[in-house]
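*Asks:* Here's a structure for you.
The values are calculated or read from the model by the stated rules, or taken from the named source; none is laboratory data. The structure displayed is predicted, hence computed values, not measured ones. Counting neighbours? That spans all protein chains shown, and the Cβs are built from the backbone with ideal geometry, glycine included.
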Amino acid sequence: MSPTTVTMAGVRGIVLDVEGTTTPIAFVHDVLFSYARTHVKDYLAKHAAADEVRKDIELLRKEHAADVRNVNQPPPLSTSPAEIESIADYVKWLIDLDRKSTGLKSLQGKIWHDGYTDGTLRSQVFSDVAPAFARWRNAGLTISIFSSGSVLAQQLLFAHTEAGDLTSFISNYFDTGVGKKGEAESYRRIAETIGLKPGEVLFISDVVSELSAAREAGMKTVLSIRPGNQPQEHEAQYQIIESFDEI
């Protein structure tokens with residue numbers, strides 16, 4: 001049965017998840033993650049001395065120490081001259097876990113930047129995304145992105161889609177720097193930054209735990225059902241869309 005059209009009364013802003021909402025999960029896991037795994041060692045070899053990359057490495061070292069304390073059995077880290085290879089091995093281990101860590105996501109964004117710049121990467125969005133962005137902006141709605149991927153990664157993805165550069169439609173980007181996606185306080189901070197009351201914001205995601213946190217913060221919520229998305233427990237508690245055409 002086709003879902004009903006979402007009522008937008010009182011909504012002034014839309015906040016979107018990326019993976020499974022605007023973008024196929026398969027693209028993120030099979031293309032982006034694979035690219036990062038393949039290129040992380042060479043990227044670190046070229047850029048490890050750069051200040052921003054050293055910050056990522058420091059975050060990864062702190063995360064590794066926590067993994068060791070928690071007996072998660074991460075691959076060992078080394079110091080120079082084997083540092084690059086050991087950091088690369090740890091990054092691959094984190095990618096395999098789909099870990100939502102700031103250091104990993106920041107480094108991945110930098111690696112993807114090279115791929116987008118040289119034309120190797122071209123991002124995918126669902127066919128209804130670009131028309132919806134134009135329609136929502138024409139209606140006076142603000143569009144924001146909240147993803148575990150870094151702000152840089154988000155900007156790159158929407159700047160290099162097969163449908164063209166969509167960044168002109170997007171007003172704000174939020175990553176884990178604003179908080180975890182499963183915590184209500186993150187959504188309160190987002191609403192405050194956007195300059196709207198939580199009740200004036202519609203959050204769309206394919207993950208019920210994120211919708212629950214946004215709802216707790218006072219936002220309106222919609223569950224995105226896309227091809228390849230994982231079934232969600234308690235999805236009956238949320239209005240469902242299969243396309244942005246319904247909003």
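*Asks:* Tell me which residues, restricted to the stretch 160-186, are assigned to a helix (DSSP H, G or I) and free of Cβ contacts under 8 Å to residues at least 40 places away in the same chain. Spell out the reasoning first.
*Replies:* Going through the stretch 160-186, the residues assigned to a helix (DSSP H, G or I) turn out to be 167-169, 176-178, 184-186.
If the condition is that a residue be assigned to a helix (DSSP H, G or I) and free of Cβ contacts under 8 Å to residues at least 40 places away in the same chain, then Thr167, Ser168, Phe169, Val178, Ala184, Glu185 are the ones that fit.
Per-residue answers, yes or no, for (1) surrounded by fewer than 19 Cβ atoms within 10 Å (Cβ to Cβ); (2) basic (Lys, Arg); (3) in contact with a helix residue (DSSP H, G or I) (Cβ under 8 Å, 6 or more places away or on another chain); (4) on the phi < 0 side of the Ramachandran plot:
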site	(1), (2), (3), (4)
Gly140	yes, no, no, no
Ser147	no, no, yes, yes
Phe158	no, no, yes, yes
Gly177	yes, no, yes, yes
Gly182	yes, no, yes, yes
Leu196	yes, no, no, yes
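*Asks:* Just checking, how many residues over the stretch 187-210 are free of Cβ contacts under 8 Å to residues at least 60 places away in the same chain and acidic (Asp, Glu)?
*Replies:* 1
*Asks:* While we're on this one: Checking Ser80 against (1) assigned to a helix (DSSP H, G or I); (2) farther than 22 Å from Phe244 by Cβ: exactly one of these is not met. Which one?
*Replies:* Result: Ser80 fails condition (1) only.
*Asks:* Also, quick follow-up: Residues Gly10, Gly20: which one is touching a helix residue (DSSP H, G or I) at 6+ places or on another chain (Cβ under 7 Å) and under 30 Å from Thr221 (Cβ atoms)?
*Replies:* Numbers: Gly20 fails: touching a helix residue (DSSP H, G or I) at 6+ places or on another chain (Cβ under 7 Å).
Checking each option against the conditions leaves just Gly10.
*Asks:* For the stretch 104-120, indicate whether the set of residues that are of a type outside the set (A, V, I, L, M), surrounded by 18 or more Cβ atoms within 10 Å (Cβ to Cβ), more than 28 Å from Glu52 (Cβ to Cβ) and at pLDDT 95 or above is non-empty.
*Replies:* no
*Asks:* When you check Gly115 against the structure, is it in contact (Cβ under 8 Å) with a residue 40 or more places away in the chain, among the small types (Gly, Ala, Ser) and under 30 Å from Lys92 (Cβ atoms), yes or no? So that I can check it myself, show each step before the final result.
*Replies:* Working: in contact (Cβ under 8 Å) with a residue 40 or more places away in the chain: yes; among the small types (Gly, Ala, Ser): yes; under 30 Å from Lys92 (Cβ atoms): yes.
So Gly115 fits the description; yes.
*Asks:* Mind listing whichever residues of the stretch 213-238 are within 21 Å of Gly13 (Cβ to Cβ), surrounded by fewer than 16 Cβ atoms within 10 Å (Cβ to Cβ) and either modelled with pLDDT under 95 or not small (Gly, Ala, Ser) (or both)?
*Replies:* Start the filter on the stretch 213-238 by keeping residues that are within 21 Å of Gly13 (Cβ to Cβ), which leaves 213-224, 238.
So of that shortlist, the ones also surrounded by fewer than 16 Cβ atoms within 10 Å (Cβ to Cβ) come out as 216, 218.
Result: Glu216, single match.
*Asks:* Taking the stretch 1-56 as the search range and keeping residues that are at pLDDT below 95 and of a type in the set (Ser, Thr, Tyr), which one is nearest to Ala132 (Cα to Cα)?
*Replies:* Here the residue is Thr5.
*Asks:* Can you name the condition, by its number, that Trp136 falls short on among (1) under 22 Å from Arg226 (Cβ atoms); (2) of a type in the set (Phe, Trp, Tyr); (3) without any contact (Cβ under 8 Å) to a residue 60 or more places away in the chain?
*Replies:* Condition not satisfied by Trp136: (3).
*Asks:* Let me ask you something else. Look at Ala36 and say whether it is out of contact with any Ser or Thr (no Cβ under 9 Å at 6 or more places or on another chain), at negative phi and in contact (Cβ under 8 Å) with a residue 12 or more places away in the chain. Spell out how you get there, then give the answer.
*Replies:* Values: out of contact with any Ser or Thr (no Cβ under 9 Å at 6 or more places or on another chain): yes; at negative phi: yes; in contact (Cβ under 8 Å) with a residue 12 or more places away in the chain: yes.
So Ala36 fits the description; yes.
*Asks:* Shifting gears a bit: Please specify each residue of the stretch 42-77 satisfying the condition of being assigned to a loop (DSSP other than H, G, I, E, B) and surrounded by fewer than 14 Cβ atoms within 10 Å (Cβ to Cβ).
*Replies:* Start the filter on the stretch 42-77 by keeping residues that are assigned to a loop (DSSP other than H, G, I, E, B), which leaves 48-50, 70-77.
Listed by number, the residues that qualify are Ala49, Ala50, Asn70, Val71, Asn72, Gln73, Pro76.
*Asks:* So, one more: Test each condition in (1) aromatic (Phe, Trp, Tyr); (2) closer than 24 Å to Phe169 by Cβ; (3) not assigned by TED's automatic domain parsing to the domain that holds Ser147 for Tyr90 and report the one that comes out false.
*Replies:* Against the list (1) aromatic (Phe, Trp, Tyr); (2) closer than 24 Å to Phe169 by Cβ; (3) not assigned by TED's automatic domain parsing to the domain that holds Ser147, Tyr90 comes up short only on (2).
*Asks:* Select, from Asp17, Asp56, the only residue that is in the same structural domain as Ala163 (by TED's automatic domain parsing) and touching a residue at least 24 places away in the same chain (Cβ under 8 Å).
*Replies:* On the way: Asp56 fails: in the same structural domain as Ala163 (by TED's automatic domain parsing).
Criteria check complete, one pass: Asp17.
*Asks:* A further question follows. Which condition from (1) closer than 23 Å to Val15 by Cα; (2) surrounded by 15 or more Cβ atoms within 10 Å (Cβ to Cβ); (3) of a type in the set (Ser, Thr, Tyr); (4) at pLDDT 95 or above is the one that Ser127 breaks?
*Replies:* Of the numbered conditions (1) closer than 23 Å to Val15 by Cα; (2) surrounded by 15 or more Cβ atoms within 10 Å (Cβ to Cβ); (3) of a type in the set (Ser, Thr, Tyr); (4) at pLDDT 95 or above, the odd one out for Ser127 is (2).
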